[in-house]
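Below is one structure, written out as structure tokens, with a few remarks after it.
Coordinate-derived values only; no laboratory data. Just so you know, these numbers come straight off a predicted model, no measurement behind them. Because the Cβ atoms are built from the backbone with ideal geometry, glycine has one as well, and the counts that use them run over all protein chains shown.
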Amino acid sequence: MDCATKLVTSRQNFSSIKTNKYQLGNHYVKVFYRISSLCKIDQEHVKISDSTMFIRRLEQLKDVTKQAMPPSYWEFITDGIFYKVQQKDVYDEVVEDVVKRLAEGSNGILVGFGQTGSGKSTTIAGLEFVSNENFGIAPRVVKQLLEIKKQFNGNNRMTIEMSYIEMSKTAVYDLLKQYPNNVNPWHVDKESTKFIINTECQALKELYLGEARKETKETKNYLSHINTSVLTFYVTIEDLSFNNVNRVKSRLHLIDMAGSDTVGNLTCVFKTKGEVGSANLAKTSLEQFFLCLVEKSQKTIKSRLRTNPLIFFLKDDLNISSTLRFIGHINTDKEDLQISLSMMRFGQIIKGYKPSSIQIEQPAKMTPENKIRYLQRKLQELEEERIQNSMLLNVDLTSNINSERAEHLQKIVKDYLNNHISELDIIRVVDASMAFKMFKDLYTQWEQERQKLYKEASLSFGKRISDSEISLQKKKWSSRSSSTMATTKVGKEKRRVKKSKDASVDEKLSMVEKVDKQISVQSFFDSRAKHSTLKTIASQDISSGSISQSAKRRKSKFTTSIQRRASEVKQRSVSSFTDGIISDTVVTPDIIPNQMEAWNGFSKDPKYTSFMEECKSNEKNISSIYEQYIEALKLLNEQKVNIDAIKQEIIETKMIMKFKSTDSDKYTEAIFMEAEAKCKEKKDNAEKDHVHQKEIVFRYLSELKIYLDRRRDLKEELTRNFDAFCKEKFNLPMPTVKCSTELIKGSAASIQLNEFHVDENMPEKLVETIEISEIQIGQFKKIMQKERSKVVKMRALDNKKIYDKKCYL
Ligand SMILES: Nc1ncnc2c1ncn2[C@@H]1O[C@H](COP(=O)(O)OP(=O)(O)OP(=O)(O)O)[C@@H](O)[C@H]1O
């Protein structure tokens, strides 16, 4: 798989481009291109600059008289060109936002089109590889949707379903059904299977099975798909908080078009003329439909809907308010230029652009005029970029922010304050402006608390200090930059205060200064250090010889009250900070690095020893039952595979019997019947074992559930205990607490529930943690191969029957 860097990324700036007057292009319609990583870019024929592709004009190559002229190219504007990039990069750039919009109720269509063997299926499905890093768009959509689903709770519910169909010129097949799986081409929506996705594992298994049921032709290197396939995700979001359930439905279609080609091309020698023609027709139909769409001709659009089952199926979703993404796949080899040009033109039609022809001089021969033209164009581009940037900087983008985004920003603020991220990570203009607004609010809040405390402190000494005096004093105090300077100034300040016969003001100011330090942002996250600082400062002041005994007494009283208030303010700050800004953080107990010491103290405290022991023993139980459960599950799956194999044997025996029935004698028939009976007996026994094994699996599962429930309670208790410990030892609650990593080491939370077929009844809590491993992909591939060979055999038998029938007739 590719590992080189991304060649060109998306560019949104199309202003310098000649567009069709019926331009369809809005920011929801994007056309990308992926150049097959198996071919080298031939610079003479193909050039790429940003997201613009230049392809050599073919007539110039063919016409010898024109070959001496400067090379002339077609210019195609795209939203991004990928060459030798990771699957993830393609996904992030092209699909991620489509899925987000899908969860918000917007329909979407993603079409992978291109020449035979150019990498369409790799981009859309990517199931032939052994690592999930190489998964294509479909498995990644499943993962992202399930992640979004996790965020729905309470009155909001999200349901994800999928259907998977394959379309040939004349028929439509349901890929989620066993062969024979024809559906009525005009009732695909009603007749196709809708599979409810609860886990990534189940969905992947269905994807692999669907892949196996596709019609393919074996080539030297890979299996080529003959037909177009459409994988549709149906998302339903329900809000149950009203009397009438509020329901939003949306669909996302991932279309893997049949490979277009020219009959006789080396890339498609294995395909019949009919198959090539049918693939080209599918692309042309879509192209024609888009031309109608671009021209907004409702009448023609309607009539076109009835000409093609694919367009009919996509129907309402195929319009410009949906999010449309097209990924064209091309080879840049000279012999494939013609078909590549056709693919590029398709993209331009979708965007509503008119390809223009330009001449590109070779750099060595560049004339001054061309240089000026080139530089002028670059200048214009930069100028436009500058205008856009300055617009972004000056526009208040924060007003349009939704709650999810706001939550995300709150998390950024929290992470920044916790030193988990740097300023550079808040680089986006919107993020930065919102984040700084939050910093400001936070600061204002603390500043108000501080002022309030100051006033209260002044009042408690029976003397009111005017606001101006406070600010004057404050300024003087805050201007101290070093400890020595501070000492000298303290002396001066005290002399001045003595002169004004108000020594108590000085004391109060020094106390308030300490409180200031105490509630500063830094000290907020370093509670222990601050706490001791407070004590040290207080004791230093108290022992200071310049203060009289009564002042000392007053001061110590004052210190205690200030300390208490500081602690109160801090606690209030902590809770308001947590409530207002990082309300999402306290849910999971977490240990942040500078609290490790506190955690160690807590875990060794004899008061909590028995509690900690219980936590550990619960984790141990989870581990051991989990292992047994996995073993039992493995056996269960093996049994299932065995049963499938026996069933297959029965089918095959029956089929052979049917075929032989015409010319076989009674003796042969009896042998077949006996073989079938034996298979059935084997199947019955295997099914009995399977039922028994299922019971064992569920027993382990329910046991595991009990321990996991206990773990949840223990976690809550742990949070409470740790909080109490921190309050007791440091006089401060911990802002966030987490189980020690040591504690959960080896626990089921850290174990990834493995592979294997998981029954629907498996509790969601467990299923959520499933990560797809390479072993599991291997198993899926085995299932796929088995299913494929089964379908191939059955198809061959059907074709033979049809052939025999024809011959007979
Ligand atoms: N980005 C890539 N990285 C590695 N291998 C790739 C990539 N793209 C395609 N291939 C390889 O090229 C071959 C053809 O790819 P794929 O099946 O995706 O093409 P296709 O366009 O779907 O073909 P067809 O139209 O014949 O079905 C496969 O062997 C695949 O592994």
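By counting other Cβ atoms within 10 Å of each Cβ, how are 269, 641 ranked from fewest to most?
269, 641
Count the DSSP beta bridges whose two residues both fall in the range 27-130, then state the antiparallel fraction as a percent rounded to the nearest 5.
Of the beta bridges lying entirely in the range 27-130, close to 70 percent run antiparallel.
How would 696, 48, 226 line up from fewest to most surrounding beta-carbon atoms within 10 angstrom?
The fewest-first ordering by Cβ neighbours comes to 696, 48, 226.
Taking 0.36 nm per residue of separation and subtracting the Cα-Cα distance, what length does fully extending residue 695 through residue 610 add?
27.1 nm
What is the distance in Å between the Cα centres of the range 38-55 and the range 143-211?
37 Å
Could you calculate the FRET efficiency of residue 370 with residue 617 from 1/(1 + (r/R0)^6), where r is the beta carbon distance between them and R0 is 56 Å, rounded to 0.05?
Given R0 = 56 Å and the Cβ-Cβ separation, E is 0.10.
Compare the peptides 136-144, 602-610 by average per-residue count of other Cβ atoms within 10 angstrom and give them in order, highest first.
The most tightly packed comes first, giving 136-144, 602-610.
Kindly list the residues of the range 104-135 that lie in the label zone of residue 273, defined by a backbone N under 20 Å from the point 7 Å along the Cα-to-C-beta vector.
Under 20 Å, as judged by backbone N against the label point of residue 273, lie 116 of the range 104-135.
What distance in nm separates the two pseudo spin-label positions at residue 455 and residue 263, each 7 Å out from Cα along the beta-carbon direction?
Reported label-point gap for residue 455 and residue 263 is 9.1 nm.
Would you kindly state how much longer the chain becomes between residue 385 and residue 804 on full extension, computed as 0.36 nm times their sequence separation minus their alpha carbon distance, in nm to one decimal?
144.0 nm
Cross-link list 100/205; 205/620; 30/84; 688/782: which exceed 28 angstrom alpha carbon to alpha carbon?
Where the Cα-Cα span goes over 28 Å, the pairs concerned are 205/620.
Please give the contour-minus-distance gain from residue 635 to residue 668: 0.36 nm per residue of separation, less the Cα-Cα distance, rounded to one decimal in nm.
Taking 0.36 nm per residue and subtracting the Cα distance, the gain is 8.2 nm.
Tell me the label-point distance for the pair residue 676, residue 716, using the 7 Å Cα-to-Cβ offset, in nm and rounded to one decimal.
Going by the 7 Å Cα→Cβ label model, 6.0 nm.
Say each of residue 792 and residue 187 gets a label point 7 Å from the Cα, pointing the same way as Cα to Cβ; how far apart are those two points in nm?
3.4 nm
Give me the net charge for the shell around residue 283: Cβ to Cβ below 14 angstrom, other residues only, Lys and Arg +1, Asp and Glu -1.
Neighbourhood net charge equals -1.
To the nearest 0.05, what FRET efficiency results for residue 129 and residue 728 with a Förster distance of 51 Å applied to their C-beta separation?
0.40
Tally Lys/Arg at +1 and Asp/Glu at -1 over every other residue whose Cβ is under 12 Å from the Cβ of residue 112; what's the total?
+3
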